[in-house]
Structure formats: C-alpha cells, structure tokens
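Peer 1: Okay, handing you the structure first.
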Amino acid sequence: MDIRRWARVAYLYAAWLFVACLVVQVFLAGLGVFAGAQNFATHTEFGRIFGLMTLILIPLAIIGRMGRRKIWLSVLVFVLFFLQGLFIALRDSAPAVAALHPVNGFLILWISILLAQSLWRERRSPAVEPSTEPAAAA
C-alpha cells in the first residue's frame, strides 16, 4: 500500500473516531449539567486529549492528497476546536461570546461528520475509469 492510500485509510478511521469522541464529549457535557458541575472536569480533560486528533487529521489529508476542500475543512475543524477553549476562557468577561461554545461544538461535529461521510462514500464507490472516447459536442 502506498503512503497516499495509507494516509487516506488512516484519515477515514481517524475521522470516524473523532466523530465518536465528539459524541462522547456531548454526553460528558450533559453529565456536567445534569449530574453535577464537578463532572465538567472530565469533559474538559477529555476534550484536551482527543482535540490533539485535529493535529493528526491535517497532515493525513495533505499526505493523502485529499483535495483542497478536505484539507481546508480539516484546518477549519482544528481552528474551531481551538476556539472552544477561548470561548470558555471568556465566560466571566464576555458570557455572550462564551455561549458560542456549544454552538461551535455542534459546528465541529457537523463538519467532522461531513468529512467522514464523504471519505466513506469515496472509499465505497467503485473507481470510475476515465473514458477513452472523445466527449460529444454540446
């Protein structure tokens, strides 16, 4: 298996793992809301740990030559994930801005699902051979 194909397969699995981690992260936030604020520590620490995956997705997208759209969406997920921490840091000085934390979280989830789904579709679709016949004039 060449490095490009390996990177694409690794990205596919990492993207779905990242989506799963995001779902767990939403659960942990709910645990903090409904089972006591002391549970937010788990939400925070888990976010710091799996957030590092965003640094893995970008080079995999580049090495896998996945196209500008997927590379830039991977960078966008990284930037949005970085903003998560900033939003929380603003909770005392700018609570209205900090309130973007859950909205941004769902945006991260949405973009991550779109990326993972598009890769899954590409992997599942048969390779299309380029036509050797000249294109018909329109």
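Peer 1: If I ask for residues that are more than 21 Å from the chain's Cα centre (by Cα) and either part of a loop (DSSP other than H, G, I, E, B) or more than 22 Å from residue 48 (Cβ to Cβ) (or both), which ones from segment 96-129 would you list?
Peer 2: 96, 125, 126, 127, 128, 129, listed by residue number.
Peer 1: Somewhere in segment 124-135, is a residue under 20 Å from residue 15 (Cα atoms), of a type outside the set (D, E, K, R) and either surrounded by 16 or more Cβ atoms within 10 Å (Cβ to Cβ) or at pLDDT 95 or above (or both)?
Peer 2: no
Peer 1: Is there a residue in segment 4-17 that is open to solvent by 90 Å² or more (accessible area, probe 1.4 Å), hydroxyl-bearing (Ser, Thr, Tyr) and over 11 Å from the mean Cα position of the chain (by Cα)?
Peer 2: Checking segment 4-17: at least one residue is open to solvent by 90 Å² or more (accessible area, probe 1.4 Å), hydroxyl-bearing (Ser, Thr, Tyr) and over 11 Å from the mean Cα position of the chain (by Cα).
Peer 1: Restricting the search to segment 92-118, which residues are open to solvent by less than 70 Å² (accessible area, probe 1.4 Å), hydrophobic (A, V, I, L, M, F, W, C) and more than 16 Å from residue 75 (Cα to Cα)?
Peer 2: Within segment 92-118, 94, 97, 98, 99 qualify.
Peer 1: A follow-up question, please. Those residues that are of a type in the set (Val, Ile, Thr), within 16 Å of residue 116 (Cα to Cα) and at pLDDT 95 or above, I need them from segment 1-31; list them, please.
Peer 2: Listed by number, the residues that qualify are 19, 23.
Peer 1: I'd like to know if segment 46-59 contains one or more residues that are under 23 Å from residue 117 (Cα atoms), of a type in the set (Val, Ile, Thr) and open to solvent by 40 Å² or more (accessible area, probe 1.4 Å).
Peer 2: yes
Peer 1: With the checklist (1) closer than 30 Å to residue 3 by Cβ; (2) open to solvent by less than 70 Å² (accessible area, probe 1.4 Å); (3) of a type in the set (A, V, I, L, M, F, W, C); (4) modelled with pLDDT of 95 or more in hand, flag the one item residue 66 doesn't pass.
Peer 2: (4)
Peer 1: Here's a follow-up. In the set 71, 88, which member is outside any loop (DSSP other than H, G, I, E, B), within 23 Å of residue 114 (Cα to Cα) and in contact with a helix residue (DSSP H, G or I) (Cβ under 9 Å, 6 or more places away or on another chain)?
Peer 2: Answer to the check: 71.
The values are calculated or read from the model by the stated rules, or taken from the named source; none is laboratory data. It should be emphasised that the depicted structure is a prediction, and the values quoted were computed from it without experimental measurement. Because the Cβ atoms are built from the backbone with ideal geometry, glycine has one as well, and the counts that use them run over all protein chains shown. These area figures cover heavy atoms from the full protein model, side chains too; ligands, DNA and RNA do not enter into them. Shrake-Rupley method; radii C 1.70, N 1.55, O 1.52, S 1.80 Å.
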